[in-house]
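Written out below as structure tokens is the structure these notes cover.
The values are calculated or read from the model by the stated rules, or taken from the named source; none is laboratory data. Since this is a predicted model, take the numbers as computed values, not measurements. No Cβ is skipped: glycine too gets one built from the backbone with ideal geometry, and neighbour counts run over all protein chains shown. Calculation scope for accessible area: heavy atoms of the full protein, side chains included, ligands and nucleic acids excluded. Shrake-Rupley method; radii C 1.70, N 1.55, O 1.52, S 1.80 Å.
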Amino acid sequence: MQKSATDNIEAIRHKLNAGEAFSIEDGLFLYESADIHTVGELANELRERKHGRNAYYNINLHINYTNFCVLRCKFCSFYRPFPKSNAERATNGYELTINDIVARAKHAYSRGATEVHIVGGLHPKLPFSYYTEMCAAIREVCPHMHIKAFTAIEIIHFSRITKPRMSVREVLTALKDAGLGSLPGGGAEIFDERVHEETFKTKVGETEWFEVHRTAHQLGIFTNATMLYGHVETQAERISHLAKLRAHQAESLKNCPAHFNCVIPLSFVPDGSALSDIKEPTGLDDLRTLALSRLMCDNIPHIKAFWIMQSPKLAQVALDWGVDDLDGTVVYYDITKRDGANTHQELTVDELKRMIHEAGCTPIERDTLYRKVVRGEGSWRIDGADWLVEYITD
Ligand code: V47
């Protein structure tokens, strides 16, 4: 006899209460058949079990060091081809110097930021020393600023441009020695051969993405993981992506000194991309996907609604749908720009706290590794640290 929808929900609730992982079938059922309020209620239950009503944010600065890229991913509106000659220079392409990057990081650090998040396109000409020197220079000027930088795709690119060729392990070790603190979660897209072939076939796929994160976890480098949803993938492909993240996390928790801290489901922004005829995900699709990410990745501590992608209003609502983290102040973001926004995309600390309070949660300022940040008058430190960073307030 076929199980009714109510029986299915009861079985899922039972698993949740028993702390059991959900199957692909459970995930699909929750995507396709369960009502949106029940999905939210289940995700919120798990979120509250892990974090109570705490909601996390950080004071950070995103830096996108170049938009030149050798790849041509169809969902991406950020990349520009590197010019073949000087005559071709007018392409809106840019690359920042190390001095520019350090000046930006220093400005944010001297005003109380705890993290710099640095990613860019795969630049065909910059040498590996550009990336190690960038980290070392920031580390020197901003000694306690956490450097979260370079997606798995960039790490593989660095390994390919080095001569003699360095392994992923050697690249990560060199960056860590230069001051890298952790890896962001970008470049995962959707772990599926069909989707890979259709939308980002020139980019390395899931095997290489996981290899970088596995090596990072073995080296004690914490990382995040993304899922780019709402383009050509099916719901089953989203669930399978999340299940792969959970399986990887189980291995890392068992065998490694580091693991994934956070899953960031990224809502596709079609504007300006080769897939601009696709309609962006609706608010309900965003909520369901965030909630399903919480439920499927029960062994990954945090679920982030990156407010630039889901919008501040939806990210706020999502605090009741499994999300416990909103990322941060951001300030500048060049990878996606919605509704003609420019690169200045910022929320103030007061705005982030207001959003969290109004959602009935307690705002907790965290550092990149989710340690509590304690602020005094013009100073901050990590809870329990024996150092203090002083900064300008105005
Ligand atoms: O890798 C590109 C995605 C990612 C589009 O680790 C797009 O804490 C939506 O990874 N629509 C970069 N997404 C962003 C990222 C990230 C952001 C915030 C926090 C963290 C973290 C990581 O953005 C890329 C790609 O997957 N992306 N184009 C687009 N049109």
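Positive end of the dipole of segment 45-390, charges at C-beta (+1 Lys, Arg; -1 Asp, Glu), about the Cα centre: which of 62, 263, 138 has its Cα farthest in that direction? My answer, from the dipole projection, is 138. Gaussian network model of the chain, Cα springs within a sub-10 Å range: biggest mean-square fluctuation belongs to which of 62, 14, 196? Residue with maximal mean-square fluctuation among 62, 14, 196: 14. Here is how the number arises for the chain: DSSP H runs of 4 or more residues each give -39500 (n - 2.57), the sum is divided by the residue count, and the result at 222 nm is -12500 deg cm²/dmol. A simple spin-label model places the labels of residue 346 and residue 218 4.2 nm from each other, with each point 7 Å out along Cα-to-Cβ. Between 341, 55, 108, the residue with the greatest mean-square fluctuation in the GNM of the chain (Cα pairs under 10 Å linked by springs) is 341. Of all DSSP bridge pairs formed entirely within the chain, close to 25 percent run antiparallel.
The residue list 75, 388, 123 was ranked by how far each Cα lies along the charge dipole of segment 45-390 toward its positive end, using unit charges on Cβ atoms, and 123 comes out on top.
With a point put 7 Å past each Cα toward its Cβ, work out how far residue 38 is from residue 13 in nm, to one decimal. Computed distance between label sites residue 38 and residue 13 equals 0.9 nm.
If you take the beta carbon distance between residue 4 and residue 253 as r and set R0 to 41 Å, what does 1/(1 + (r/R0)^6) give as a FRET efficiency, to the nearest 0.05?
Efficiency at R0 = 41 Å is approximately 0.70.
Given springs between every Cα pair under 10 Å in a Gaussian network model of the chain, which of 122, 284, 61 has the largest fluctuation? Fluctuation is largest for 284. Treating only the Cβ of Lys, Arg, Asp and Glu as charged (+1, +1, -1, -1), what charge dipole size does segment 45-390 show about its Cα centre? Round to the nearest 20 debye. Here segment 45-390 has a charge dipole of around 500 debye. Shape summary of the chain, radius of gyration then Dmax from alpha carbon positions: 20.6, 71 Å.
Relative contact order of the chain: 22 percent, from C-alpha pairs under 8 Å at least 6 residues apart in sequence.
Once all protein chains are placed together, residue 193 keeps about 120 Å² accessible to a 1.4 angstrom probe.
Note on segment 290-394: antiparallel DSSP beta bridges, both residues inside, total approximately 90 percent of the bridges counted.
When you filter the chymotrypsin sites (Phe, Trp or Tyr not before Pro) in segment 39-68 for DSSP loop state and at most 16 other Cβ atoms inside 10 Å of their Cβ, nothing is left.
Go through segment 1-91 and name the trypsin sites (Lys or Arg not before Pro) that are in a DSSP coil and have 11 or fewer other Cβ atoms within 10 Å of their Cβ.
3, 84, 89
Multiplying the residue separation of residue 163 and residue 372 by 0.36 nm and subtracting their alpha-carbon distance yields 71.1 nm. The residue list 218, 297, 181 was ranked by how far each Cα lies along the charge dipole of segment 45-390 toward its positive end, using unit charges on Cβ atoms, and 218 comes out on top. Distance between the pseudo-spin-label points of residue 211 and residue 311 (7 Å out from Cα toward the beta carbon): 4.1 nm. Absence of a disulfide-compatible partner, taken as no other cysteine beta carbon within less than 4.7 angstrom, is noted in the chain for 69, 135, 142, 256, 262, 297, 361. Restricting segment 154-227 to trypsin sites (Lys or Arg not before Pro) that sit in a DSSP loop and have at most 13 other Cβ atoms within 10 Å of their own Cβ leaves 165. Here the calculated FRET efficiency for residue 379 and residue 21, from their Cβ-Cβ distance with R0 = 41 Å, stands at 0.45, rounded to the nearest 0.05.
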